[in-house]
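Single-structure report; data block below.
The values are calculated or read from the model by the stated rules, or taken from the named source; none is laboratory data. All figures in this text were calculated on a predicted structure; none of them were measured in a lab. Counting neighbours? That spans all protein chains shown, and the Cβs are built from the backbone with ideal geometry, glycine included. Remember, those area values only see protein heavy atoms, side chains included, never the ligands or the DNA or RNA. Shrake-Rupley method; radii C 1.70, N 1.55, O 1.52, S 1.80 Å.
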Amino acid sequence: MIHRARRALLALAAGAAAGCAATAAPEDGAAVAALAPGGRLRACINLGNPVLARRGTDADLPTGVSVDLASELARQLRVGLELVVVDAALRAVQTVAAGDADIGFFAVDPLRAARIHFSAPYLLIEGAYLVRADSPLTDDTEVDRTGARVVVGRGSAYDLYLSRELKAAQLLRVPTSQEVVDRFVAERADVAAGVRQQLQADAVRLGGLRLLPGRFMRIEQAMGVAAARGAAAQARLDAFVEWAKAGGFVAAALARHGIAGAAVAPPA
């Protein structure tokens, strides 16, 4: 069953707010109809990854890189924008795959590809491990051992990845990525796994925690549409992402929102 998402309707996507003066070419009507068949672009925004989106001053209007990208795409398509706000990656996948949103922002993973067409990545971020300050673990290669308990957000990119890669450690899944570190502390688990920036913020908030050096995975962040939406929608989304990288839009969004530790992906 699809999680009931919060929705916020913007009368018109504001390209000026995204700080980009580039002018889009006239749109192919087939692409507009494929991406925004209801006359507005419904973008699923996942608050589970703070690199991409966070709660704004108005709880129904999040802010972040993914919101800027959705706004600019709607501006180029010359349609209104509706934000469909969820709190977990799994719910974002479900929402877009079911047709309850037109586009979404996802970490690329082969298990999701059956339902979602991914653009090339627009952003590269890191998956990291967090442990208590007195943990004997000093390196990410030491995590996969018998008896170790690793807390992850259910259905997240790192849950999917670690489900394939870890052979001895046990995964403890919590509903959303925001809950990972609090549950890790409460359960006295061995490791918390997630996006580096979220773990860093939680370590500062709680104290007595430290990140293991390095990364256990590189996470490729892409835009996506339901695979059933068709070639016209896929091609237009692919072209938009390449434009956003090459024209400096993604880099400007990262700077505007103060996001450190993430890199613009190379051209496809």
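Filter segment 74-84 down to the residues that are outside any strand (DSSP E or B) and of a type outside the set (Val, Ile, Thr), then identify the one that is nearest to TYR158 (Cα to Cα). Can you show your working first?
First, pick out the residues of segment 74-84 that are outside any strand (DSSP E or B): 74-79.
Narrowing further to those that are of a type outside the set (Val, Ile, Thr): 74-78.
Values: ALA74: 30, ARG75: 33, GLN76: 33, LEU77: 33, ARG78: 36 Å.
Residue satisfying both the conditions and the ranking: ALA74.
Working carefully through the options ALA157, ALA169, find the one that is within 15 Å of the chain's Cα centre (by Cα) and aliphatic (A, V, I, L, M). Give the steps one after another, and end with the answer.
Details: ALA169 fails: within 15 Å of the chain's Cα centre (by Cα).
Exactly one of ALA157, ALA169 is within 15 Å of the chain's Cα centre (by Cα) and aliphatic (A, V, I, L, M), namely ALA157.
Would a scan of segment 170-184 turn up a residue that is among the hydrophobic types (A, V, I, L, M, F, W, C), touching a residue at least 12 places away in the same chain (Cβ under 8 Å) and open to solvent by 10 Å² or more (accessible area, probe 1.4 Å)? It would help to see each step written out before you state the result.
Taking segment 170-184 and keeping what is among the hydrophobic types (A, V, I, L, M, F, W, C), we get 171-172, 174, 180-181, 184.
Now restrict to residues that are touching a residue at least 12 places away in the same chain (Cβ under 8 Å): 171-172, 174, 180-181, 184.
Next cut, open to solvent by 10 Å² or more (accessible area, probe 1.4 Å) only: 171-172.
Within segment 170-184 (the criterion being among the hydrophobic types (A, V, I, L, M, F, W, C), touching a residue at least 12 places away in the same chain (Cβ under 8 Å) and open to solvent by 10 Å² or more (accessible area, probe 1.4 Å)), the answer is yes, since at least one residue qualifies.
For VAL67, only one of the following conditions fails: (1) open to solvent by 10 Å² or more (accessible area, probe 1.4 Å); (2) at pLDDT below 95. What is its number?
The failed condition is (2).
Restricting to segment 120-160, count the residues that are in contact with a helix residue (DSSP H, G or I) (Cβ under 6 Å, 6 or more places away or on another chain) and open to solvent by less than 20 Å² (accessible area, probe 1.4 Å).
Looking only at that region, the number is 10.
Can you pull out the residues in segment 57-82 that are touching a Lys or Arg at 6+ places or on another chain (Cβ under 7 Å) and under 20 Å from ALA34 (Cβ atoms)?
As a first pass, look at segment 57-82 and keep what is touching a Lys or Arg at 6+ places or on another chain (Cβ under 7 Å): 60, 62-64, 79-82.
The answer is VAL79, GLY80, LEU81, GLU82.
Enumerate the strands (runs of 3 or more DSSP E) found wholly within segment 191-261, keeping only those where 2 or more residues are open to solvent by less than 50 Å² (accessible area, probe 1.4 Å), farther than 15 Å from ILE125 by Cα and touching an Asp or Glu at 6+ places or on another chain (Cβ under 7 Å). Lay out the reasoning, then the answer.
Working: elements: 191-195, 209-211, 217-226.
Once the strands (runs of 3 or more DSSP E) in segment 191-261 are filtered for at least 2 residues that are open to solvent by less than 50 Å² (accessible area, probe 1.4 Å), farther than 15 Å from ILE125 by Cα and touching an Asp or Glu at 6+ places or on another chain (Cβ under 7 Å), nothing remains.
Tell me, yes or no, whether segment 94-105 has at least one residue that is of a type outside the set (Val, Ile, Thr), at pLDDT 95 or above and within 29 Å of LEU206 (Cβ to Cβ).
yes
Of ASP87, ASP100, which residue is closer than 17 Å to TYR158 by Cβ and surrounded by fewer than 24 Cβ atoms within 10 Å (Cβ to Cβ)?
Values: ASP100 fails: closer than 17 Å to TYR158 by Cβ.
After ruling out the rest, the residue left standing is ASP87.
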